[in-house]
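**Q** Sharing a structure with you now.
The values are calculated or read from the model by the stated rules, or taken from the named source; none is laboratory data. Because the structure is predicted, anything quoted here is derived from the model rather than measured. Note that we place each Cβ from the backbone using ideal geometry, even for glycine, and neighbour counts take in every protein chain shown. Heavy atoms of the whole protein, side chains included, go into the accessibility calculation; ligands, DNA and RNA do not. Shrake-Rupley method; radii C 1.70, N 1.55, O 1.52, S 1.80 Å.
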Amino acid sequence: GLTDLMTVKKVMEKLGAPKTHLELKRTMLEVTGGFSETLSYEDFVHVMLGRSSPVFKLRMMFEKKAKESDPRPSGPAPERDIADLP
């Protein structure tokens, strides 16, 4: 799902790193490129950790590897018969 500005503000306050409305708005505009006032999960992690953070880089690397190791077959599903059922 997407996270709006006020949700990010509340999370930052609960984590003990409160930000002003203007600081968060500026950060969100920077992260989304000015296209949206809501954040995806990946953008939210970027805001929380910073793109230069080694934790962020490792997380992104592992998520990419997980997607590569579970490739989804393309095309229509193969036809099945009643005998194929368990």
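**Q** Give me the percent of accessible area attributable to carbon and sulfur for the chain, probe 1.4 angstrom.
**A** Here carbon and sulfur together make up 59 percent of the probe-accessible area.
**Q** Just check the stretch 3-52 against the gyration tensor rule for me: Cα atoms, a ≥ b ≥ c as the square roots of the eigenvalues, rounded for a/c under 1.5, and otherwise prolate or oblate depending on whether a/b exceeds b/c.
**A** It is prolate, given that a/c is not under 1.5 and a/b is the larger ratio.
**Q** For the chain, what ratio Rg/Rh do Cα atoms give with a Kirkwood hydrodynamic radius?
**A** 1.24
**Q** Just name one of Val11, Leu29, Leu39: the one whose Cα is farthest towards the positive end of the charge dipole of the stretch 3-52 (beta-carbon charges, Lys/Arg +1, Asp/Glu -1).
**A** So the residue we want is Val11.
**Q** Sticking with this one: Mind checking the per residue accessible area of the chain for me, 1.4 Å probe, whole number of Å²?
**A** The answer is 83 Å² per residue.
**Q** For the chain, take the longest principal axis of its alpha carbons; what is the angle in degrees between that and the long axis of helix 21-32, to the nearest 10 within 0 to 90?
**A** So the helix axis and the longest Cα principal axis differ by about 40 degrees.
**Q** Please give the helix 54-69 orientation as an angle from the longest Cα principal axis of the chain, in degrees from 0 to 90, rounded to the nearest 10.
**A** In the chain, helix 54-69 runs at an angle near 20 degrees to the longest axis.
**Q** Taking amide H atoms as placed 1.01 Å from N in the peptide plane, list the residues 5 or more away in sequence, or in a different chain, whose amide H sits under 5 Å from that of Leu39.
**A** Thr3, Asp4
**Q** Follow-up. So what's the angle, to the nearest 10 degrees on a 0 to 90 scale, between helix 5-14 and the longest Cα principal axis of the chain?
**A** Compared with the principal axis, the helix lies near 70 degrees.
**Q** Moving on to the next point. Which value, in debye to the nearest 20, describes the size of the charge dipole of the stretch 3-52 about its Cα centre when Lys and Arg Cβ atoms bear +1, Asp and Glu Cβ atoms bear -1, and nothing else is charged?
**A** 180 debye
**Q** Taking a 30 Å limit on the Cα-Cα distance, which of the listed pairs Lys14/Lys57; Lys9/Lys64; Lys14/Lys67; Lys10/Lys57; Lys9/Lys57; Lys25/Lys57 fall beyond it?
**A** Lys14/Lys67
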